[in-house]
Amino acid sequence: MLTRSALIYLSRQEGLKDFAARFSLFRKLTTRFIAGDDIDEAVAAIREINAQGCSASFDHLNESVSGIAEAEAEVKEYLDVLAHIDETGINSNVSIKLSQFGLQIDPELAYRNARLVVEDASRRGNFVRVDMEGSNDTQATIDIFKRLRGEFGLNDVGIVLQSYLYRTMDDARDLLKIPARIRLCKGAYNEPPEVAYPEKQKVDENYVQVMQLLLSSGIYHGIATHDPKMIDATKDFAQREGVSKDAFEFQMLYGIRRDLQEQLARDGYGMRVYVPYGKHWYPYFMRRLAERPANIWFVLKNLWK
Ligand SMILES: Cc1cc2nc3c(=O)[nH]c(=O)nc-3n(C[C@H](O)[C@H](O)[C@H](O)COP(=O)(O)OP(=O)(O)OC[C@H]3O[C@@H](n4cnc5c(N)ncnc54)[C@H](O)[C@@H]3O)c2cc1C
């Protein structure tokens, strides 16, 4: 069986990313996790998600972009997404990755590109979530987020923190002072023990502690997990502390635990589904397999269908 770290290693192989994008047979494997190739297919998926009582967040798949023109094309894509949200009336915001906007080329370029998207979202009354990537980029991502947050409002732009990092509780306290809207997740990258808890139990304990800090802040945060234990801990804490169901939202990924997504929405909780689309699906898809290698068999079965 392929291990988590082997799958994450494969997810970072640029050659495989291009190879995979060229073959439609591979694309067929991904339909459970990827909403489509273009904005229209993602809009159709989001309409269905909205019909189940859930909101959404667009994610145009592309990361670790290495050319300025490609980074600028990503900005154009997101401006197009924001226009489509307005035109179609769907209930969705957007999630961006700074590596998609050129973080690896020049942080200033990533800031300028992200700013264009946040400015447009702000004008439209929408919201941009800055995803968190590998730990080499954590500080740069927080720095750029703080600049954006200094120029735009609490409800224009938010950030993500990962409970597997030792630094996260300090980052959460620091960001709440601004204040900032935070999506809390466990973290999806391969991180060394120098920066991240190697044991799942510690990641989970930290998740619960940071979740409690966020829910006590009076700010609207996103609790992003498919883990029933984290979800129950959140529901229990909210009930105990009198935090109302509409004071935060749960978030899950497209295609994962749809039953639980719909159940939480039916129970009156805010539920947002992260909807990835686009041709550069390979790294995202491999990270999903890494989280649950049992999904490899599910995916392979689709080949014969
Ligand atoms: C909305 C959203 C946004 C995210 N944004 C980021 C981000 O910006 N940066 C980042 O590093 N990570 C991000 N992630 C990924 C996150 O860090 C985790 O890698 C991922 O959510 C798996 O962790 P978990 O909390 O679901 O629990 P885990 O401990 O991985 O799993 C707990 C249980 O959840 C279920 N489950 C989990 N994954 C799967 C799966 N793939 N298929 C089927 N069942 C599954 C299983 O029942 C499993 O036993 C995001 C996740 C979500 C939901």
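Residue order by solvent-accessible surface for TYR254, TYR9, TYR284 is TYR9, TYR254, TYR284, largest first, with ligands and nucleic acids left out and a 1.4 Å probe. Is segment 102-242 best put as rounded, prolate or oblate by its Cα gyration tensor, with a ≥ b ≥ c the root eigenvalues, rounded for a/c under 1.5, and otherwise prolate when a/b is larger than b/c, oblate when not? It is oblate, given that a/c is not under 1.5 and a/b is not larger than b/c.
When the alpha carbon coordinates of segment 183-271 are projected onto the principal axes, the ranges are 39, 30, 19 Å, largest first. Each principal axis of the Cα atoms in segment 135-187 has its own extent, and those three values, largest first, are 29, 18, 15 angstrom.
When Rg and Dmax are taken over the Cα atoms of the chain, they come to 18.2, 53 Å.
Express in nm, to one decimal, how much length is gained between SER66 and ASP267 on full extension, taking 0.36 nm for each residue of separation and deducting their alpha carbon distance.
Values: separation 201, 0.36 × 201 = 72.36 nm, distance 4.39 nm.
This chain segment gains 68.0 nm when fully extended.
Accessible area per residue for the chain is 44 Å², calculated with a 1.4 Å probe on protein heavy atoms, without ligands, DNA or RNA. Sequence-ordered 3J(HN,Hα) estimates for segment 36-51 from the Karplus curve with 6.51, -1.76 and 1.60 and θ = phi - 60° stand at x, 8, 9, 4, 4, 5, 5, 4, 4, 5, 5, 4, 5, 5, 4, 5 Hz, glycine and proline given as x. Ligands, DNA and RNA aside, ILE8 has an accessible area near 0 Å² when probed at 1.4 Å.
Taking all protein chains as shown and a probe of 1.4 angstrom, ILE85 keeps an accessible surface of around 10 Å². Using a probe radius of 1.4 angstrom, the carbon and sulfur fraction of the accessible surface of the chain is 52%.
For the chain, the 222 nm mean residue ellipticity estimated from helices alone, with every DSSP H stretch of n ≥ 4 adding -39500 (n - 2.57) and the total spread over all residues, rounds to -15500 deg cm²/dmol. Calculated from the alpha-carbon coordinates, segment 46-140 shows an Rg and a Dmax of 13.6, 41 Å respectively.
Normalised by residue number, the volume inside the convex hull of the Cα atoms of segment 24-87 is 105 Å³ per residue.
The values are calculated or read from the model by the stated rules, or taken from the named source; none is laboratory data. Being a predicted model, the structure only gives us computed values, none of them experimental. The protein model used for the area step is the full one, side chains on, heavy atoms only, and it has no ligands, DNA or RNA in it. Shrake-Rupley method; radii C 1.70, N 1.55, O 1.52, S 1.80 Å.
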